[in-house]
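Structure first, commentary second.
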């Protein structure tokens, strides 16, 4: 049970969004709409939204005195429990706002951390959230850390008894951070050991990446037959899932579903989840899933790119899937324009539209680095022919007398293991394609 679920009645939230000159009101409204979804994902009930034009951030409380007074009026009139500010607040700004408003104040980073805390299901995921939460709280003196003993931990949106009088013991937090980092290093080492046998197996790996709620899990389930939870909420998928997907021509790919990214994703979260995101780092191909029905999809793609750059994987081969084309009124004409882009496909994970073309492209990517051989194998070598079918792809085969003539494509690992047999039965020298 998360912190939010411990209350019978969900707490009421006031959303506060600054309007800066660059982008103006239209951008601010889009950002606040995303904040609305974040807030509901955190099981809060948004009551109202306030927009404030600011030319300069006030160091003491982020907003000016008159703006803080206006927030306080709404807090009192609407009986607000939590004020959610869609920006990153310094510890001083957060403390001063809480004193002035006399209610809890949470910034964007804290809200995202709280959602992650409620979503983590595995021990590793919970450790990562706790680490990110501790790093976030390290310089904040207004939180008790009773919540850190919870199974899934939170970031202090709900304070423990006597919170106002209790300061975080920094030394204890440093020890906890060090302990979690050591534990996560062990997780990373275990993952590396688990991946080692996979490197010897002829399996191409692809990782689904993209903005949160872009439809990655729906696509993952449709292709793999898995049953990853799919909800119309942000960060529905937190813990990574890997599944094998059989391709139409008989090849196979390991597909990974990962946590969705979001603009201004807290650096502490990216760092903490690096062990999980190593599946992205190790993938042969990144598949970016984009919600084409979202008017803000271009800036969402930029946010994803920023996270990939932080993970230092932005130079990996990438295929972009514009998803949810079935939700567009002008889907056909837009799809035609989007298909002109390189390494781009238009699909609907929900209806299946475009997925055949996607699998064909995936198959081409999988076989790009394979080695091709022409073999002449006696028909009684059934075990070898079975392995060739299992580990690679038989492009052509023709029976002649007591021999089977084959054109075979094999991954590098299989070619290495079968080198003696391939040399023995080769009709011509093999070449790399």
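Observations
- Highest average first, the peptides 301-310, 316-325 ordered by how many other beta carbon atoms sit within 10 Å of their residues are 316-325, 301-310.
- Taking packing as the residue-averaged number of other Cβ atoms within 10 angstrom, the listed peptides 379-391, 410-422, 211-223 run from highest to lowest as 211-223, 410-422, 379-391.
- Our note on the geometry: Cα centres of segment 367-387 and segment 77-141, 58 Å apart.
- Residues 55, 367, 299, ranked from the fewest to the most other C-beta atoms within 10 Å, line up as 55, 299, 367.
- Put in line by how crowded their Cβ is, counting other Cβ atoms within 10 Å and starting with the fewest, 73, 340 read 340, 73.
Only the coordinates and a few stated rules stand behind these numbers; no lab work does. This one's a predicted model, so the numbers in the text were calculated from it and none came from an experiment. Neighbour counts are summed over all protein chains in view; Cβ atoms, including those assigned to glycine, are modelled from backbone coordinates with ideal geometry.
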